[in-house]
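Undergrad: Handing you this structure, nothing more for now.
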Amino acid sequence: MSAVAEQTGAWLEHFMNQAPAAAPWMQSLRDAAFARFAELGFPTTHDEEWRFTNVAAIARTAFTPVAPDTLLVYPESVRKLEPAEAEAHLARHAAFDRNPFVALNTAFLGNVTVLEIPRGIVVETPIEIAYEVPERPDLGPNLAAHPRTLILVGEGAHCTIVETYKGAGAYFTNAVTEIVVGDRAVVDHYKVQQESVTAFHIATLQATIGRSAAFSSHSISLGGALVRNDANATLSTGSDATLNGLYIVNGTQHVDNHTLIDHAMPHGTSHELYKGILDGKAHAVFNGKIIVRQDAQKTDSKQTNKNLVLSDDAVVDTKPELQIFADDVRCTHGATIGQLDGEALFYLQSRGIGKREARRLLTYAFAQDVVDRIKVQSLRDSLERILFEKFHEHAE
Amino acid sequence: MPLLEIKDLHAKVGDREILKGINLTVNAGEVHAIMGPNGSGKSTLAQVLAGRELYVVTGGSVTYDGKDLLEMSPEDRAREGIFLAFQYPVEIPGVSNMYFLKAALNTIRKHRGLDEYDAMDFLNVVRDKMQIMKMDQTLLNRPVNAGFSGGEKKRNEIFQMAVLEPRLAVLDETDSGLDIDALRVVAAGVNAMRSPERAMVVVTHYQRLLSEIVPDFVHVLAEGRIVKSGGKELALELEAEGYADLCEEPEAVGKL
């Protein structure tokens with residue numbers, strides 16, 4: 001049920017005014033998705049999945065849809081498909097029946113980025129997908145973009161994908177990325193969220209991982225006023241999933257990372273490391289759900305969430321959520337919320353390093369193990385530069 | 001003018017008074033050993049000199065090179081030439097030894113009005129000093145003290161001291177946890193640093209370090225006060241007789 005203030009009417013109007021979809025099956029998807037969105041309405045904090053993240057500010061705003069500027073860089077071995085060619089997979093992985101934002105994105109299916117890495121191909125250079133919400137004052141003050149990505153990785157193929165999100169001013173990015181990892185394929189996915197600090201960013205990543213395939217996700221969340229990332233991975237027999245994340249927030253930023261690792265089949269392994277650095281009155285939420293289904297014997301799963309709180313007013317809510325239905329499994333989880341180590345600060349100071357610089361160094365060091373796991377050198381370099389600047393201002 | 005002059009120094013941690021009136025004068029070129037049983041306040045004294053905020057100075061004064069040391073931040077003390085070799089060196093995952101030491105050295109050099117070192121200059125400086133300490137150069141690329149053995153940590157402390165070239169080095173239980181071979185390496189590193197311009201305060205529980213680093217003066221700290229001072233032979237006496245006789249209140253001794 002929708003609250004009175006929700007702008008469902010505005011969404012309906014924009015939905016109706018869209019150009020027809022490129023294929024009848026896409027139109028059917030749009031229709032079904034919008035119907036579902038209308039049923040669900042925007043979530044409230046009474047919804048367990050959204051308990052700590054209040055999206056009323058999104059629900060109340062009348063947005064105007066805009067196509068995001070999309071920049072793609074990929075080598076010749078990668079095929080770019082038309083969305084209409086992707087019926088077998090598009091919207092078949094990221095379910096819109098429970099998540100109204102995925103439904104809303106699907107209701108506006110249009111310029112979908114569809115890339116296919118043929119079986120057995122090893123793509124050595126990273127595939128870059130950059131989305132930017134354009135500045136279009138002519139369209140109105142509150143723009144909403146629904147970036148949509150589908151990556152089909154063939155059997156035994158290897159690739160690295162770097163997805164970035166940017167923009168200026170106040171707007172709403174509502175992104176959905178589906179990645180289908182073929183059997184024995186190896187996929188490293190990076191998402192760098194550098195939205196404007198006045199933007200809303202809601203995103204779902206859904207990876208469906210084939211047999212004996214390896215998938216890693218690295219989610220770096222830096223910008224945005226209100227951010228919600230869902231990273232979901234479904235494993236097959238012998239799959240390996242890695243979900244890493246780093247979020248750095250200050251001021252009144254709110255970032256919510258929900259992860260879901262679904263061990264559906266036996267012999268899967270998953271590793272999860274999310275780290276957060278909070279300053280000011282920022283609020284971070286981490287919810288790590290791991291499902292080990294009855295058939296998923298011999299599952300090995302590890303989840304870690306660590307938070308460094310630099311101010312008195314920042315708030316962290318962290319929760320592991322393990323649902324284990326198999327008996328021969330190993331699942332560990334741990335969460336910490338802490339401040340800078342006073343002993344370490346003194347040690348650095350005792351060597352002549354100023355207090356502010358010492359704080360910066362230790363803050364940077366806290367993020368280091370997540371940064372070290374990034375295998376794309378250029379991305380690691382630019383991230384190190386961003387972190388350096390950020391902690392410089394944090395330490396002021 | 002003495003390099004370090006401590007007068008009637010009192011300090012507490014929480015509600016517990018640990019230093020109860022320390023008097024000590026150290027001149028450039030001298031090596032002073034501070035001995036005493038566990039809990040006598042040796043490490044507290046070392047930490048107070050380095051500026052650890054955990055310890056609150058409640059009385060007395062410390063003058064270093066004519067300046068009020070107690071007014072200075074820990075980093076300013078280091079920049080002015082004070083170095084504390086920690087009893088328990090802190091592990092700092094995520095910060096490489098190299099980055100850390102280069103940052104420290106350049107801060108201190110800048111403070112002294114010297115040019116900052118680039119990576120090549122720095123490597124040239126540290127290479128020799130690592131050899132003296134018999135340290136593997138790969139330690140530079142590892143995070144500060146993280147995963148180091150006890151001996152490696154202590155060697156790393158003295159290595160840092162050799163690179164930073166302090167005027168006053170305070171060595172807090174540098175011998176603890178070292179086997180005799182490691183102890184000799186550490187002591188050789190310290191001895192190589194002895195010079196007429198530099199003073200050292202060597203805090204230790206045991207005499208064995210002092211047969212390697214031979215002090216000019218030995219002081220016995222008991223229950224927050226220096227109860228006896230003497231030359232290097234005092235360390236040997238203590239080794240033979242223990243601290244028991246010295247640890248009672250001096251007044252009580254007088255009454256007997």
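The values are calculated or read from the model by the stated rules, or taken from the named source; none is laboratory data. For clarity, every value in this text was computed on a predicted model and none was experimentally measured. Heads up, the Cβs are rebuilt from the backbone with ideal geometry, glycines too, and the neighbour counts pull from every protein chain shown.
Undergrad: Would you check if there is a residue in the range A:362-373 being assigned by TED's automatic domain parsing to the domain that holds A:SER217 and either touching a His at 6+ places or on another chain (Cβ under 6 Å) or of a type in the set (Ser, Thr, Tyr) (or both)?
TA: No - not one qualifying residue is present in the range A:362-373.
Undergrad: Name the residues in the range A:312-338 that are in contact with a Leu (Cβ under 7 Å, 6 or more places away or on another chain), farther than 30 Å from A:ALA296 by Cα and not hydrophobic (A, V, I, L, M, F, W, C), would you?
TA: Just the residues of the range A:312-338 that are in contact with a Leu (Cβ under 7 Å, 6 or more places away or on another chain), to begin with: A:314, A:316, A:331, A:333, A:338.
Adding the requirement that they be farther than 30 Å from A:ALA296 by Cα leaves A:314, A:316, A:338.
Across the range A:312-338, the qualifying residue is only A:GLY338.
Undergrad: Please identify the pairs in which a residue from the range B:140-157 that is within 11 Å of B:VAL90 (Cβ to Cβ) has its Cβ atom under 8 Å from the Cβ atom of a residue that is in a helix (DSSP H, G or I) and of a type in the set (Lys, Arg), counting only partners at least 6 apart or on another chain.
TA: Final answer for the pair search is B:ASN145/B:LYS153.
Undergrad: Looking at the range B:105-150 only, could you name the residues that are more than 14 Å from chain A (Cβ to nearest Cβ) and hydroxyl-bearing (Ser, Thr, Tyr)?
TA: Scanning the range B:105-150 gives B:THR138, B:SER149.
Undergrad: Give me the residue from the range B:216-256 that is in a loop (DSSP other than H, G, I, E, B) and charged (D, E, K, R) and, out of that set, modelled with the lowest pLDDT.
TA: If we filter the range B:216-256 for residues that are in a loop (DSSP other than H, G, I, E, B), which is where we start, we get B:216, B:223-224, B:231-232, B:242-243, B:247-249, B:256.
Next cut, charged (D, E, K, R) only: B:216, B:223, B:232, B:248-249.
On the way: B:ASP216: 97, B:GLU223: 93, B:LYS232: 90, B:GLU248: 55, B:GLU249: 49.
Selected residue: B:GLU249.
Per-residue answers, yes or no, for (1) within 27 Å of A:GLU135 (Cβ to Cβ); (2) free of Cβ contacts under 8 Å to residues at least 12 places away in the same chain; (3) in contact with a helix residue (DSSP H, G or I) (Cβ under 6 Å, 6 or more places away or on another chain):
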{"position": "A:HIS14", "(1), (2), (3)": "yes, no, no"}
{"position": "A:ASN17", "(1), (2), (3)": "yes, yes, no"}
{"position": "A:TRP25", "(1), (2), (3)": "no, no, no"}
{"position": "A:HIS46", "(1), (2), (3)": "no, yes, no"}
{"position": "A:THR70", "(1), (2), (3)": "yes, no, no"}
{"position": "A:ALA94", "(1), (2), (3)": "no, no, yes"}
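Undergrad: Please indicate, with yes or no, whether at least one residue in the range B:100-111 is over 29 Å from B:ALA244 (Cβ atoms) and touching a residue at least 60 places away in the same chain (Cβ under 8 Å).
TA: If we filter the range B:100-111 for residues that are over 29 Å from B:ALA244 (Cβ atoms), which is where we start, we get B:100-111.
Narrowing further to those that are touching a residue at least 60 places away in the same chain (Cβ under 8 Å): B:101, B:104.
The answer is yes; a qualifying residue exists.
Undergrad: For residues that are in contact with a Lys or Arg (Cβ under 6 Å, 6 or more places away or on another chain) and β-branched (Val, Ile, Thr), tally how many sit in the range A:334-362.
TA: 1
To keep it simple, each residue is scored yes or no on (1) touching a residue at least 12 places away in the same chain (Cβ under 8 Å); (2) surrounded by fewer than 23 Cβ atoms within 10 Å (Cβ to Cβ); (3) part of a loop (DSSP other than H, G, I, E, B).
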position	(1), (2), (3)
A:GLU163	yes, no, no
A:ARG184	yes, yes, yes
A:ASP188	yes, yes, no
A:ALA203	yes, no, no
A:SER216	yes, yes, no
A:VAL227	yes, no, no
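Undergrad: What single numbered condition from (1) exposed (fewer than 15 other Cβ atoms within 10 Å of the Cβ); (2) within 25 Å of B:PRO93 (Cβ to Cβ) fails to hold for A:ASP328?
TA: (2)
Undergrad: When you go through (1) more than 14 Å from every other protein chain (Cβ to nearest Cβ); (2) outside any helix (DSSP H, G or I) one by one for B:ALA182, which number turns out not to apply?
TA: Among (1) more than 14 Å from every other protein chain (Cβ to nearest Cβ); (2) outside any helix (DSSP H, G or I), the lone unmet condition for B:ALA182 is (2).
Undergrad: Let me ask something additional. Please go through the range B:49-90 and pick out each residue that is of a type in the set (Asp, Glu) and either buried (at least 22 other Cβ atoms within 10 Å of the Cβ) or more than 8 Å from every other protein chain (Cβ to nearest Cβ) (or both).
TA: Applying the first criterion (of a type in the set (Asp, Glu)) to the range B:49-90 yields B:53, B:65, B:68, B:71, B:75-76, B:80.
Selection gives B:ASP65, B:ASP68, B:GLU71, B:GLU75, B:ASP76, B:GLU80.
Undergrad: In the range B:52-80, which residues are within 18 Å of the chain's Cα centre (by Cα) and at positive phi?
TA: Initially, the range B:52-80 is screened for residues within 18 Å of the chain's Cα centre (by Cα), giving B:52-55, B:62-65, B:69-70, B:72-80.
The one that is within 18 Å of the chain's Cα centre (by Cα) and at positive phi: B:ASP65.
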